[in-house]
Structures are given as C-alpha cells and as structure tokens.
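What follows is one structure encoded as structure tokens, with my remarks underneath.
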Amino acid sequence: MIIITPNLTMAQACATQHREEDILEEQRYPPENVRLNLKFTAFTLYEPFIGLVGPIQLNSFWRGPRLNGHLHGAAHSAHLVGLAFDSLPTRIKLVQAMKLLALSQLPFQHALLEWGWLHLQAPERDKRPARLMNMSFGERDSKGSIICHAFNAEDPRLVRYT
C-alpha cells in the first residue's frame, strides 16, 4: 500500500465505483506527473482541508480519461492531472465548509459547491492560488457547460446544504 499522507493512500486517490475493466485498469496506474500532482494536492490542500473541516467522505480524486469521459467530466478537468478532489464533510454542512474556506488561508485554486459535494482544486505547482469560490445548481449554458455563480452563503437555493 502506497501512503501519500496520513489520511490518503494512492488506492483511495485512484478509487472508483465503476467496474468496467478498461476504466479499472487505467485507474490502477496514474502517470508519473499525476502521482506528483496527487502528492502536491494531498499535502497542500487535502490534509489542510481535513484539518479545517474535520473528517470527509472522499468521492473522487484522480480520474483517468476513460473514467472522466464516463462521468461526463470537463474535458480539461483538474481531476485528470491530480489537482482536484470532490468530498463531503461528515461533521459539518457544505455551506459551513465553504464559509470556513473563505476565512482560511488554504491555497486553493477553485472551491465549487456542486451536486451535494465540494470540489476543491489546487493551483498548478508553480502558480499562485486564485481562491475562486463558486456554486452550481446543475444549470447549463447553450454549449452545455455548467453555469457557476459566485458563492453567496445567503442564496436561498443553498437551503438544502445548510
């Protein structure tokens, strides 16, 4: 077992519930650049996030191209290069987690409350974090892209996440 950080193994970072053999095979062997990004993201964002919000349920971290396509993920998703993870805090609500992120100094590129989980993206290793905070409610534009709104904890559509 390869341990990346105290709360994350390589198997967890590459896990999927999908059972298609080509997807499973791809998920077993992330490329070297992805492994480096997984370690970077785990140490700079994943572990500090757990320290901020408490235990989390990890839904997704690295996605190979086959899994990302199967999930209809964005073509240039940060999951593809090991710079993003989706999670659900288990002791606090999502809106509270977003509020804590806003007050923190965590170096995230993008925090997105979507579909009942929190997507957190690390910046590229040589970039400063933009700390963008958005929310999405499944709306799509005419090109099929997900529409993101600036995070607003008072938005009435967030009632199910408070």
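The values are calculated or read from the model by the stated rules, or taken from the named source; none is laboratory data. Predicted model only: the values in this text are computed from it and were never measured. Cβ: placed from backbone, ideal geometry, glycine included. Neighbour counts: every protein chain shown.
Observations on the model:
- Residue within the stretch 143-162 that is touching a Gly at 6+ places or on another chain (Cβ under 8 Å), more than 29 Å from ARG19 (Cβ to Cβ) and surrounded by 15 or more Cβ atoms within 10 Å (Cβ to Cβ) present: yes
- Evaluation of GLY73 against the conditions (1) among the small types (Gly, Ala, Ser); (2) surrounded by 20 or more Cβ atoms within 10 Å (Cβ to Cβ); (3) in a loop (DSSP other than H, G, I, E, B) shows that the sole unmet condition is (2).
- Condition met for PHE85 (within 23 Å of ILE146 (Cα to Cα), in a loop (DSSP other than H, G, I, E, B) and at pLDDT 95 or above): no
- The sole residue among ARG19, ARG66, ARG35, ARG91 that is touching an Asp or Glu at 6+ places or on another chain (Cβ under 6 Å) and farther than 21 Å from SER136 by Cα is ARG66.
- Unmet criterion (only one of (1) at pLDDT 90 or above; (2) among the basic types (Lys, Arg); (3) in a loop (DSSP other than H, G, I, E, B)) for LYS143: (1)
- Extreme residue, farthest from the chain's Cα centre (by Cα), among residues of the stretch 9-27 that are more than 13 Å from ARG63 (Cβ to Cβ) and free of Cβ contacts under 8 Å to residues at least 40 places away in the same chain: GLU21
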